[in-house]
Each structure stands twice: as structure tokens, then as C-alpha cells.
């Protein structure tokens, strides 16, 4: 009932996004001078961690209930990628913006109607519930894809963090991806036009204003519309984004209101493949080939909103309360995962209509206190939170099975879908918690100790598909601790370590399972990590070692998903960022992973490597300001992933792959307007490969060589 009431209120508010945007866009832009050519974008809004040298990453990020923390003082590995990096890479989605993080890998192609990724070898965002947080909270971001138009920062907190961030809606444990939304800083009016192969283009308007005697009021509007043919054969996509951020920054009271609307419509979207048992993985097809029929389609609409408030009772005591939620609607007609039958690439597919609605509501509140006991400083946070989700689904029977081939796709006549009536309830869950954490610091923050505990509760109900009758339920709670330590023997060096546990909602059975959509039993994931962080002012690095253990779901002999497995992933991470010289910037690193199955339904699989966990992931990006005309920059990136197994028996594996990206941009002033031209080629060599493996063994083909062009003008 609460979720339905929220949906009605939010639908009325979001309609005003573009109306306000048109009014703000008519205001005059700031003067631009030539000596500001190298500084693109606005200054950081209040409350945002400043950018690090080079401007590609920030100096810190959000650690859940601990708030924003300087990376050198955080007992966890965290990376925060800036709006500058997002725009310079012309990244359309959150997933694309994380390509230079060696701990993160996309497991889908750009032609798919959803983003899925893995962090530290553990998958996320593969089913109906979004694993991406919005300003530190789940339940507001779009479920399937998050376009980057409204992203000021994209943060990755690595490792299980339910004790800090709350239970992830879909049970991800490898890390938390958090989008910090754009809000008003300096006055801004920016128009961006872009084009990508084969014939897809569009525009974006980004405008911000502050007003009031102390500039305490702020508004930011972001709107974009894109459409056209993609690099994949007979595929087209139309997307639209509208976002409004209002804020008030008073002396003691602060408030932020965010509204977000997003639509994504595909004709002939790419789908993941599954492999018939016993069949070796065939070579990957040419990236442009599309095995989806031209009449198969996907329509996804998302609406979300968040209200955040803070009030300083004293200079050392702050109360906060947040209320947010979102709704996702999906209608798509295609088979979720066609089956590859042999090494020749023959495959079978059966189109199915899939209708989904997901309603989410999140509420939290608490207090933050700062005080001293002797020479020890305390930063204490007490928080209570609730996340509720309701899912309705209609999944029709398949009809019109057809054969095709990976290397010679076959087109067939239109097959009419079987539509369902309404969206019968399919699952619901409530994730609630009470948390307390204290960061103790001493010796001028040379020693920082974080202690915390979260009492978590997971309630879930599963219902009979297409019927809505209750099938199963559970209610489980646990207290999970977090301990983190940072020792800074020198100003430039931080030694850190952590031990953290988190109760998570169980995996969701994939569409390829007979019990697809069922929420499996909850589990506790655990991590131990230690490492060193170095900050030399212009260049920084993090080296960490970790071990994560997690129960997991498996597809059994009858193709039913069940929580019968467990795995352990140990790893080493090296991250590098910053400026080597004033003209040369680097970003990237390497991650080494060692995964092992510690429990399986089939004893013969014990000790095998988990599905989708490679041995090595490496990413390295560089930017070079070319000599000659000021404002001309060359950039490039190399991304590598070693082989990954598709099955628990470790008999089917995707080969390793590497990709090269190159780009060029030119920042100048035209008619007193700062203007930036960008051109890029992704997958320069046109490599054909399988991108990655999801939890239950499905995988995608790569994208072909893709050309990107854009022009941004600050009015």
C-alpha cells in the first residue's frame, strides 16, 4: 500500500522535470576565459569529495553509514570515478564507465537491454533487482541499466559491505557500485551532441543554478534523448533520461530532492547464450552479427525519487532521515538465453513474452555524533533502515521454436506472442536493519579504528508463477560485525585491514531455471582484507589482498536453482591512478583471482573453479596532452580478461580476450564558449570474443569496432 501511494505521488512530481529544465536553460551562462581551458566542468558541490590529481578519480568516497571518507583514511578499498572521466570516455552507462577498474568486469555486451557485471569475481545486477545504489541507498536507481547522464561520481566499494551499506537487493557480495547524482555547484548550461556507429545519435542538456543570499538554494536539470541504429545488425535503440535535483543548504538544515525518469527501448536486443551440456565453447561470432529476430523487442521504463534531510542539533550532533523509492516496468519478447547445440554454432531459440513490474521503497534515519574521550576522537553513527520490494510478473509459455546459427543468423517470419493478463505477484521481500558504528582516531588521525555491528533481518515470499499463490517464505536475522583498521606511519602511506560480514538476500533463480525468479535462502558472506595505500600527491596506488567466502546458488540436474553451493575467492589487487607528468595521466591496475568451490551438490565438482571467475583481470588507461595546440589530448586503454569456466565441472571455458580503445579530444574556445570535441574507437582491432560469464553460466558476444563522436558546448 505504501509503495502504491509513493508511486502516485512520484508520477506527478517527475512530470515537472523538463518544464523546470526549459526555464533554467534560458538563463545566461557564465563567462569563459581562455586560461580555463584545462578545467572542464564545475567545482564540486558542497559535500562532494574533491577530485584527485588528473581529475579522473576522487580523493575518497562513501562508505555506507560512515559517510564520505578520504581514501587514505578508509579501511576498505574504494574507487570513485568522476564526471570528467565519464564524459571523456563517452561512457553511456554506469557499466561502461567502470571499464578501467581491474576489479570490475561487464558480463554483457553494449547491445543488451540490461547491464550485468562482476566485482572481485562475484556477479551482480543480473536479475530483477538493481544492485546499483543511488547516493548511498538501494531502491532508487533503475533496475536493469543506469545511464550515466545523471552521474557526478560512480563509486565502487569493494568487498562484502552489507554491514555498512545494508543488504543488497539481489545478494551481491563482491562490492557495491554507488552513483552520486549530479547536483548544483557552479552555474552551468552545457549542451552535448553525440553520434555513434552505425547511425545512433542524440543530445543532452545539463544545467545548474544556485540562488539566495548565501546561494543556499540549488537546482540541476539533466535531460537527454538518443536513438538510431546500433553497430549490431538490424538493431535499433531509443533512450530518454530526465533528472531533477533540488537542494537547500541552510546553516543547520540541509535537504536534497532527486527525481529520475529513464526509458530504454530496443528492437532486436542482444541476449546471453547458454551452452548445451558436454559441448565445447565454440569460437565467438563477429561482433556485428545479431541472432535476435528484427521483430523481437524490449521496453523498460524506470521512475525513481529520493528525499534526504539533515539537521544539526549542535555542532557535534546531526540527525538525518531519508525516504525514496522507484518503479520499474518491463515488457519484452524474446528468449532469455538461446541454447548453443554444437561446435558448428547451431542454436535453438523460443520467443517468450515477459512482463515485469518492480516496486521499491527505502526508508532510513539516525544520528551522527562527534566527540572526544581523552585523546581519542569518535565519529559515531546510529542508523535504522528498511527496504521493501514487490515484484509482479507474467512469463508466457514459449512458442515457435526456431533454429539459427552463430555465424549465419537465420531470419524467420513474425511469431505472435502470448500476452498475459496483468502482473501476478511473484515475490516480495523486506530487508531491515539497525546499525551502529564508531570510527576512533588518535595521534592526528595516524591511527583509525572502525568498529560496527548491524542487526539485519531478511523476510521474503515466493509465489507461484503466473498465479500469485504463496509458494514459500522465510524470515531470517543475524548480527554481523565490521572491524577496520588504518595505520598511517607516514603522511603518504596508509596500512589498512578489515574483517566484515553481511547477511544477504539469497540469489534469484535466473530465467533459464525452471524456478526462475524464486528468491533462494539468505546467507552470510565474509571477507578478510589487508593492504597498503600510497599517495605521493600526484600519483597514488593501492595494493590489497582479500579473501571472500559466500554460499551460492546452483543449477541442479532438473535445471532448478537451489542454494546448494559455496565458494571462496582470494585475490590480489593493484590499482594505479594520477599524473606521472603534468601532461601524462594513468588509471588502471591488475587483479589476480583464485577461486575454489568449497561446497557443491555434486561431490565431483568440489575444488573446481567457480563459474565466471577468471585468473587475471587487467585494465590500463592513459592520457597524453600532445605538444602543439593547447587542449589536444590523446587517450587509450587496454582491457584484458583471462579464461573463465561456464560450468561447475570445469569442462567448458571461454578463452581469454583483450581489447584496445583509442581516442582523441580537443578543448578550445569558440565564440567565448568552452567547447570540447571528442572522438574514440572502441575495440580498435575488431576482436571477436565472449565477454564474460554470469552466475549460472550464460555469456555474451563482444561488441564490434565502434566509433564515437561528441561535441560539448558550455553556453
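Testing residue 384 on (1) under 30 Å from residue 337 (Cα atoms); (2) touching a residue at least 40 places away in the same chain (Cβ under 8 Å); (3) surrounded by fewer than 21 Cβ atoms within 10 Å (Cβ to Cβ), one condition comes back false. Which one is that?
(1)
Among the residues of region 576-600, what is the count of those that are loosely packed, with under 14 Cβ neighbours inside 10 Å and outside any strand (DSSP E or B)? Steps first, answer last, please.
Start the filter on region 576-600 by keeping residues that are loosely packed, with under 14 Cβ neighbours inside 10 Å, which leaves 581-584.
Imposing the further condition that a residue be outside any strand (DSSP E or B) reduces the set to 582-583.
Here the count works out to 2.
I'd like the residue in region 148-164 that is modelled with pLDDT of 85 or more and in contact with a helix residue (DSSP H, G or I) (Cβ under 8 Å, 6 or more places away or on another chain) and, out of all such residues, is nearest to residue 93 (Cα to Cα).
So the residue we want is 148.
Which one of the conditions (1) exposed (fewer than 13 other Cβ atoms within 10 Å of the Cβ); (2) touching a strand residue (DSSP E or B) at 6+ places or on another chain (Cβ under 9 Å); (3) part of a loop (DSSP other than H, G, I, E, B) does residue 417 fail to meet, given that it meets all the rest?
Single failed check for residue 417: (1).
Within region 153-207, restricting attention to residues that are more than 17 Å from the chain's Cα centre (by Cα) and in a loop (DSSP other than H, G, I, E, B), which residue is farthest from residue 528 (Cα to Cα)? Steps first, answer last, please.
Of all residues in region 153-207, those more than 17 Å from the chain's Cα centre (by Cα) come to 163-164, 183-207.
Filter once more, keeping what is in a loop (DSSP other than H, G, I, E, B): 183-187, 197-198.
Values: 183: 36, 184: 39, 185: 38, 186: 41, 187: 44, 197: 44, 198: 46 Å.
In this case the residue turns out to be 198.
Any residue at all in region 243-252 that's within 19 Å of residue 144 (Cβ to Cβ), in contact (Cβ under 8 Å) with a residue 24 or more places away in the chain and assigned to a loop (DSSP other than H, G, I, E, B)?
no
Output yes when any residue across region 30-46 is within 23 Å of residue 544 (Cα to Cα), outside any loop (DSSP other than H, G, I, E, B) and either modelled with pLDDT under 95 or under 16 Å from the mean Cα position of the chain (by Cα) (or both), and no when none is.
No, that holds for no residue.
Only one residue in 649, 653 is modelled with pLDDT under 95 and within 24 Å of residue 118 (Cα to Cα), so which one is that? Walk me through how you get there before you give the answer.
Details: 653 fails: modelled with pLDDT under 95.
After ruling out the rest, the residue left standing is 649.
Residues to consider are 242, 212, 228; find the one that is in contact with a strand residue (DSSP E or B) (Cβ under 8 Å, 6 or more places away or on another chain) and either more than 21 Å from residue 324 (Cβ to Cβ) or at pLDDT below 95 (or both). Walk me through it before giving the result.
Numbers: 242 fails: either more than 21 Å from residue 324 (Cβ to Cβ) or at pLDDT below 95 (or both); 212 fails: in contact with a strand residue (DSSP E or B) (Cβ under 8 Å, 6 or more places away or on another chain).
Sole residue among the options that is in contact with a strand residue (DSSP E or B) (Cβ under 8 Å, 6 or more places away or on another chain) and either more than 21 Å from residue 324 (Cβ to Cβ) or at pLDDT below 95 (or both): 228.
Would you tally the residues in region 224-242 being over 20 Å from the mean Cα position of the chain (by Cα) and either buried (at least 18 other Cβ atoms within 10 Å of the Cβ) or assigned to a strand (DSSP E or B) (or both)? Reasoning before the result, please.
Taking region 224-242 as the starting set, the residues that turn out to be over 20 Å from the mean Cα position of the chain (by Cα) are 225-238.
Still in the list and also either buried (at least 18 other Cβ atoms within 10 Å of the Cβ) or assigned to a strand (DSSP E or B) (or both): 225-233, 235-238.
Residues meeting the conditions: 13.
Kindly state which strands (runs of 3 or more DSSP E) lie completely within region 258-377 and contain at least 2 residues that are more than 27 Å from the chain's Cα centre (by Cα) and buried (at least 19 other Cβ atoms within 10 Å of the Cβ). Outline the logic, then answer.
Numbers: elements: 297-314, 317-333, 346-349, 353-373.
Ranges flagged: 346-349.
Out of the residues in region 79-101 meeting the condition of being in a helix (DSSP H, G or I) and in contact (Cβ under 8 Å) with a residue 60 or more places away in the chain, tell me which one is farthest from residue 660 (Cα to Cα).
If we filter region 79-101 for residues that are in a helix (DSSP H, G or I), which is where we start, we get 83-88, 94-97.
Keeping just the survivors that are in contact (Cβ under 8 Å) with a residue 60 or more places away in the chain gives 83, 85-88, 94.
On the way: 83: 22, 85: 17, 86: 18, 87: 19, 88: 16, 94: 20 Å.
Per the criteria, the residue is 83.
Would you be able to tell me the number of residues in region 671-700 that are at pLDDT 95 or above and crowded, with 24+ Cβ neighbours inside 10 Å? Talk me through it step by step, then tell me what you get.
Going through region 671-700, the residues at pLDDT 95 or above turn out to be 673-690.
Subsequent filtering for residues that are crowded, with 24+ Cβ neighbours inside 10 Å retains 674, 682, 690.
Residues in region 671-700 being at pLDDT 95 or above and crowded, with 24+ Cβ neighbours inside 10 Å: 3 in total.
At pLDDT 95 or above and touching a helix residue (DSSP H, G or I) at 6+ places or on another chain (Cβ under 9 Å): does that describe residue 449? Write out each step before concluding.
Numbers: at pLDDT 95 or above: yes; touching a helix residue (DSSP H, G or I) at 6+ places or on another chain (Cβ under 9 Å): no.
Criteria not met by residue 449.
When the residues of region 633-670 are narrowed to those that are exposed (fewer than 15 other Cβ atoms within 10 Å of the Cβ) and out of contact with any strand residue (DSSP E or B) (no Cβ under 7 Å at 6 or more places or on another chain), which ends up farthest from residue 606 (Cα to Cα)?
Across region 633-670, the extreme among qualifying residues is 670.
Does region 602-609 contain at least one residue that is over 19 Å from residue 80 (Cα atoms), in contact (Cβ under 8 Å) with a residue 12 or more places away in the chain, touching a strand residue (DSSP E or B) at 6+ places or on another chain (Cβ under 6 Å) and part of a strand (DSSP E or B)?
No, that holds for no residue.
Criterion first (farther than 30 Å from residue 296 by Cα, in contact (Cβ under 8 Å) with a residue 24 or more places away in the chain and surrounded by fewer than 16 Cβ atoms within 10 Å (Cβ to Cβ)) does residue 434 satisfy it?
Yes.
Please verify whether residue 407 is assigned to a loop (DSSP other than H, G, I, E, B) and in contact (Cβ under 8 Å) with a residue 12 or more places away in the chain, treating the condition exactly as stated. Before you say what the answer is, go through the steps one by one.
Numbers: assigned to a loop (DSSP other than H, G, I, E, B): yes; in contact (Cβ under 8 Å) with a residue 12 or more places away in the chain: yes.
Yes: the conditions hold for residue 407.
Check 77, 109 and return the single one that is within 30 Å of residue 634 (Cβ to Cβ) and buried (at least 24 other Cβ atoms within 10 Å of the Cβ). Don't jump to the end; show me each part of the working.
Values: 109 fails: buried (at least 24 other Cβ atoms within 10 Å of the Cβ).
When all the criteria are applied, what remains is 77.
The values are calculated or read from the model by the stated rules, or taken from the named source; none is laboratory data. Everything numeric in this text was worked out from a predicted model, so none of it was measured. When we count neighbours, we look across all protein chains shown, and the Cβ atoms used for this are built from the backbone with ideal geometry, even at glycine.
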